[in-house]
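The structure appears right after this line, and notes come after that.
No value in this document is a laboratory result; all are computed from the given coordinates. Computed from a predicted model, the values in this text were never measured in an experiment. Cβ: placed from backbone, ideal geometry, glycine included. Neighbour counts: every protein chain shown.
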Amino acid sequence: MASSNGSAVDLAVLGGGIVGLSVAWRARALGMSVALFERDSLGAGATHVAAGMLAPVAEVEFGAAGRRVLELGMRSAQMWPDFSAELEEASGVDVGLRRTGTLVVARDEDEARELERQLAFRAELGLRAVRMRASEAREHEPALAPTVRLALHAPEDHSVDPRNVVAALRGACERAGVRLREHTPVLGLELDASRERVVGVRLGEPRDGTRPASSEPQPAASGDLLEGDGACELVHAGDVVVAMGAWSGGLAGLPRGAGVEVRPVKGQIMRLRDPAGPGLLDGVVRFEGGYLVPRGDGRYVLGATMEERGFEPDATAGGVYELLRDAHELVPGVSELHIEEIGVGYRPGTPDNAPAIGPGSLEGLTWATGHHRNGILLAPLTAELVTCGLAGRHVQHERIPS
């Protein structure tokens, strides 16, 4: 039966990836009572398979949307050192921040010409990007193949280990008093009588966590979210933040036109391990169609495909083959690495692939989604933007009900 016990919080955060957890942690630090609801386990979505690159310079794209994302990315990248230090102090967990830069390499003449264009574009934007001849690139990363033609070095791009960040955020949130509820599907939003304000969240029956949640978003229709429906719980909230990643577009209970258009962009990724330990690569190496990210302990992340296939859940032989083929062509030593894991994730993409951060058309509703490839990078800034917007509306705060 639906709950009407008055369970209430200042803020309900929907989604337990790095963005949602960061928002919850920062909001709790401002004194708000906070509950976070995650349909699976914390960090089990895009965060779990993310490589963790903090690379606004290497990843900047042409066009107005690309420049907007660059501006956000540069601001957030500057926040990461302090954010990670504070998070490590609050949790006791090392987030794996590595300040080793990114090397973008060209394999042939066509790619070298494109890389020259990319260098000129970054110079025009005032970004620090160093042109390296093939010999300089191999001196920087000796494991590179002798066939490399040209490279772009972005020394101020870094990386973190997203799984460590999730562990740290979990610990920091728990210590701060955030109520974390995993395996709890969000059925939809509860609106007031005028349907102009969000006043709460409808939750489904908690899953036991023994089976993975369906890849497809399965919200109930808004007409089904009536008081008294079976297996529903209503949590009242002064504000709701939607940080559901690729599932944000399927959130029920919104009037027509009040949602955000978000689609899943499938990515296949591999985790590799060098039995000899670290040393194959020092920094991130990017190439046309993929990247290699060292963790510093002999493990590497190789990714990632970009596929407009909806919530197709399985890795494919073709996708894995292409990643390994391209990586081997540039770093032959990849062939000696052991495969630890092959995974699939869904980047949350908006029509222009720029994130949706800030208030929605309904009072009490804030969006923190659509980060596409930049969720890890933009997490600190997203949390700051969202919580700054919420802070002025919460003068008095109560403790989270036990």
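Values for this structure:
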{"read-out": "Taking all pairs of distinct alpha-carbon atoms in the chain, Kirkwood radius in angstrom", "value": "21.9"}
{"read-out": "Mean-position separation - Cα centroids, segment 2-67 and segment 236-283, in angstrom", "value": "9"}
{"read-out": "Burial ordering of THR47, THR316, THR350, fewest other beta-carbon atoms within 10 Å first", "value": "THR316, THR350, THR47"}
{"read-out": "Helical segments meeting 30 Å axial Cα length and Kyte-Doolittle 1.0 threshold in the chain (DSSP H)", "value": "none"}
{"read-out": "Neighbourhood charge, 11 Å Cβ-Cβ cut-off, centred on VAL23 and excluding it, Lys, Arg +1 and Asp, Glu -1", "value": "0"}
{"read-out": "Packing-based exposure ordering (other Cβ within 10 Å, fewest first) of CYS232, CYS388", "value": "CYS388, CYS232"}
{"read-out": "Theoretical ellipticity at 222 nm over the chain - DSSP helices of four or more residues, -39500 (n - 2.57) apiece, nearest 500", "value": "-9500 deg cm²/dmol"}
{"read-out": "Shape category assigned to segment 75-157 from the gyration tensor of Cα positions, a/c cut at 1.5", "value": "oblate"}
{"read-out": "Exposure proxy ranking, count of Cβ atoms within 10 Å, fewest first, for HIS372, HIS328", "value": "HIS328, HIS372"}
{"read-out": "Whole-angstrom gap from segment 173-197 to segment 344-361, using each part's C-alpha centre", "value": "20"}
{"read-out": "For segment 234-248, 3J(HN,Hα) per residue [Karplus equation, 6.51 cos²θ - 1.76 cosθ + 1.60, θ = phi - 60°, Hz, x = Gly/Pro]", "value": "9, 10, 6, 9, x, 9, 10, 10, 9, 10, 8, x, 5, 8, 4"}
